[in-house]
């Protein structure tokens with residue numbers, strides 16, 4: 001639903017569907033976000049598909065007001081937007097010739113003096129990006145990201161190609177110097193590298209840098225997934241931290257992932273007005289982006305569905321520094337209709353959550369069960385209605401959590417949505433096993449004698465489910481299509497020793 005907001009400029013509107021925390025940005029449809037900027041009037045989100053762009057602004061990252069643009073078309077193969085003083089600047093990547101000796105592509109620039117409503121192309125390319133054939137015989141740039149490096153008083157451009165990244169720096173956005181190339185072949189898993197981002201984060205008083213990217217769809221990774229490295233940036237070179245989990249060969253070292261599910265795509269980040277580093281990403285996967293229920297066009301012709309915004313931090317772990325994330329949700333006011341159930345037995349027949357369902361909800365659940373029952377499990381069914389359900393299965397003896405969407409509703413639209421994998425997957429830290437329909441990961445739990453306790457945060461939207469661990473180290477995002485009638489919430493156990501310690505459910509109401 002689109003409605004005009006009081007105080008909006010004539011013709012501007014807000015997408016009220018964002019009250020369900022899955023905003024589709026108004027205007028021309030776009031498959032992925034490309035830039036997120038903190039400006040005086042709020043966070044501005046730019047999305048693109050092909051050469052069509054759209055923009056929205058938000059004060060809370062949950063409700064977005066669409067900003068119409070006169071110039072929807074900015075011809076380019078990729079691009080991003082940055083703030084240069086009071087102006088906005090779009091840097092646009094154009095693919096060039098590619099052969100066994102390498103490739104050359106160009107970056108042009110367009111400037112806007114009215115907050116992105118109209119764009120004025122600058123003459124000629126501002127830089128040519130040359131990739132040597134030795135780095136990748138068929139490489140050509142796939143995506144770029146430009147960030148502000150305040151510590152070195154410069155702009156940094158990160159250009160992703162098939163298997164690596166080229167870094168360029170500039171003091172004025174018009175004159176660029178290539179400073180280094182990072183060969184990412186050791187972390188390459190089959191799909192071309194795209195949607196890069198480079199961001200600084202504090203780690204106990206020291207600034208560390210995170211480089212992440214999305215891998216294009218590959219059978220070895222169950223489609224498109226997002227990876228990251230932690231390292232140092234000296235103003236010209238990104239150096240990944242040495243460590244057993246970030247060096248060596250993909251066969252022997254786990255891959256660090258921002259999300260262990262299949263459907264967190266093309267994340268971008270911004271430091272908001274309060275100093276938090278916030279990540280926003282699309283929900284979906286290249287394997288079936290143009291086949292999902294309700295799709296009437298290719299993914300380039302419709303807006304993305306956004307995951308819940310997440311606050312990012314770096315923490316020390318025994319394996320090295322790791323990203324942790326926590327969902328950014330609306331404050332729970334005194335008049336909220338939140339409901340809590342506590343201290344209830346969980347059996348195969350009972351359902352202590354029978355009155356707490358809904359199409360969109362934010363739930364915090366703590367469970368207890370025996371670790372001595374090797375076959376014991378507790379299953380939380382989400383968006384259930386008869387034979388339709390998405391399952392979260394906690395196995396205390398294994399210390400694992402499984403998300404299973406094989407019976408989640410509409411699944412037949414693509415064999416890639418629920419079919420078993422045909423190739424061995426790439427190992428990822430914390431991931432125990434995965435198919436197209438299921439993800440099983442290690443899950444933190446506390447010990448109370450022979451009993452185990454697990455806590456999980458679950459954010460459910462009309463076409464997605466996101467699960468977060470209490471320490472923020474594990475997140476799972478999955479697309480689901482249960483239909484509007486599937487609103488149930490069910491909790492069941494395979495043994496008689498399980499207990500619901502507490503469950504608090506906050507309904508997410510549409511505006």
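Where a number appears in this text, it was derived from the coordinates with a stated rule and is not lab data. Only a predicted model underlies this, so the values are computations on that prediction, with no experimental measurement involved. Positions of Cβ are backbone-derived with ideal geometry, glycine not excepted, and every protein chain shown enters the neighbour counts.
Shape verdict for the range 339-507, please, from the Cα gyration tensor: rounded (a/c under 1.5), prolate (a/b greater than b/c) or oblate.
Details: a/c = 1.68, a/b = 1.15, b/c = 1.46.
Because a/c hits 1.5 or more and a/b fails to exceed b/c, the range 339-507 counts as oblate.
Go through 256-266, 59-69 and give me the packing order, highest mean Cβ count within 10 Å leading.
Details: 256-266: 25.4, 59-69: 20.5.
So the peptides 256-266, 59-69, ranked by packing, come out 256-266, 59-69.
Any idea how far apart residue 41 and residue 406 come out in nm if each label point goes 7 Å out from Cα toward Cβ?
Calculated label separation equals 5.1 nm.
Modelling each spin label as a point 7 Å along the Cα-to-Cβ direction, I'd like the residue 271/residue 180 distance in nm, to one decimal.
Roughly 2.0 nm, to one decimal.
In whole angstrom, how far apart do the alpha carbon centroids of the range 354-370 and the range 191-218 sit?
32
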